[in-house]
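*Asks:* My questions will all concern the structure given below.
The values are calculated or read from the model by the stated rules, or taken from the named source; none is laboratory data. Keep in mind that what you see is a predicted model, and the values were worked out from it rather than measured. Positions of Cβ are backbone-derived with ideal geometry, glycine not excepted, and every protein chain shown enters the neighbour counts. Each accessible area value is taken on the protein alone, full model and side chains, heavy atoms only, with ligands, DNA and RNA left out. Shrake-Rupley method; radii C 1.70, N 1.55, O 1.52, S 1.80 Å.
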Amino acid sequence: MAQHTRIEVARVMHETGMVPLFYHPDVELGKKVLKACYDGGARLLEFTARGDFAFDVFLELNRYAVKELSGMIMGVGSITDAAAASLFMQMGANFIVTPSLREDIALVCNRRKVLWSPGCGSLAEINKAEEMGCEIIKLFPGSTYGPGFVKAIKGPQPWTSIMPTGGVSTEESNLKAWFDAGVTCVGMGSKLISKEILANQNFEELQNSVRKTLDLIKKLRS
């Protein structure tokens, strides 16, 4: 069962401005990644459930977060059907992120008042998601649409909250373009938690990168 309501999760997404994305089949490595992100100031992490037995890994990581990392909000991404969403919510997922707009996922998440963020790529999809109760839209893939798309949407719909994923990096020029366009937060995967960091298990570098990125986002918003 989720420890945080969808409103609480949306608030933290807005306040911190970043959701790190991560997947690895090794639970112990995952705990170190989670701790490095937490120590760097992140208070959200999306576990992208793309591998076999990913539910086992998430269960252990979420147990670790609840016990050891006070205030860390764990969610699950790459969810493609309602059954998977329900399974991960039973394991305590506080938010569900999907690559596309799925009404069946919206229904099961709304029933439990768990935040769901669907991948949308058009104004029609965004409007449909908001009609179904979505708080924060996932713009995916962000690299395809770019900050200009966000700015165009925010003109007639300033109430729309958008989180681009894909095409977001730690570079100041990239982040500035997104936040100037009006995004609520950004989802950041391999540009933040790189293959090199994982291969070398350089968790101090990851912690520093998370801290610097969050500080940069705060500066860009001020």
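*Asks:* Give the long-range amide H neighbours of residue 188: residues separated by 5 or more places, or on another chain, with amide H under 5 Å away, using H modelled in the peptide plane at 1.01 Å from N.
*Replies:* Those lying under 5 Å, H to H, from residue 188 are 19, 21.
*Asks:* I need to check one value: relative contact order of the chain, counting alpha carbon pairs closer than 8 Å and at least 6 residues apart, in percent.
*Replies:* 23 percent
*Asks:* Still on this structure: Evaluate the relative contact order of region 130-206 (contact order divided by residue number), counting alpha-carbon pairs under 8 angstrom at least 6 apart; express in whole percent.
*Replies:* This gives 29 percent for region 130-206.
*Asks:* By how many nm would the segment from residue 200 to residue 27 grow when fully extended, if each residue of separation counts as 0.36 nm and the alpha-carbon distance is taken off?
*Replies:* Result: 60.7 nm gained on full extension.
*Asks:* Let me ask something else. Within 10 Å, at most 14 other Cβ atoms, and a DSSP state outside H, G, I, E, B define an exposed site. Report the longest part of the chain free of exposed chymotrypsin sites (Phe, Trp or Tyr not before Pro).
*Replies:* On the way: sites that count: 53, 159.
That would be 54-158.
*Asks:* Excluding ligands, DNA and RNA, what is the solvent-accessible area per residue of the chain at a probe of 1.4 Å, expressed in Å²?
*Replies:* Averaged over the residues of the chain, the accessible area is 45 Å².
*Asks:* For residue 60 and residue 143 in the same chain, what is the full-extension length gain: residue separation times 0.36 nm, less their Cα-Cα distance, in nm?
*Replies:* 26.7 nm
*Asks:* Shape call for the chain from the C-alpha gyration tensor, a ≥ b ≥ c root eigenvalues: rounded (a/c under 1.5), prolate (a/b greater than b/c) or oblate?
*Replies:* Working: a/c = 1.69, a/b = 1.11, b/c = 1.53.
Oblate shape, in that a/c is at least 1.5 and b/c is the bigger or equal ratio.
*Asks:* Let me ask you something else. Applying 1/(1 + (r/R0)^6) with R0 = 25 Å to the Cβ-Cβ distance of residue 151 and residue 111, what FRET efficiency is obtained, to the nearest 0.05? Write out the running numbers ahead of the final one.
*Replies:* Numbers: r = 34 Å, r/R0 = 1.37.
The formula returns an efficiency of 0.15 here.
*Asks:* Pick from 173, 209, 100 the residue whose mean-square fluctuation is largest in a GNM of the chain, springs joining Cα atoms under 10 Å.
*Replies:* Evaluated over the chain, the most mobile residue of the options is 173.
*Asks:* When the accessible area of the chain is computed with all protein chains present and a 1.4 Å probe, what percentage of it is carbon and sulfur?
*Replies:* Numbers: 5080 of 10090 Å².
Roughly 50 percent of what the probe reaches on the chain is carbon or sulfur.
*Asks:* In region 149-166, which residues have a backbone nitrogen under 20 Å from the label point lying 7 Å from residue 176's Cα in the Cα-to-Cβ direction?
*Replies:* Backbone N within reach: 149-152, 164.
*Asks:* Can you tell me the relative contact order of region 1-120? Whole percent, Cα pairs under 8 Å, sequence separation 6 or more.
*Replies:* Relative contact order comes out at 28 percent.
*Asks:* How far, in nm, would the chain grow between residue 169 and residue 104 when pulled straight, counting 0.36 nm per residue and subtracting the alpha carbon separation?
*Replies:* So the chain would gain 20.2 nm between residue 169 and residue 104.
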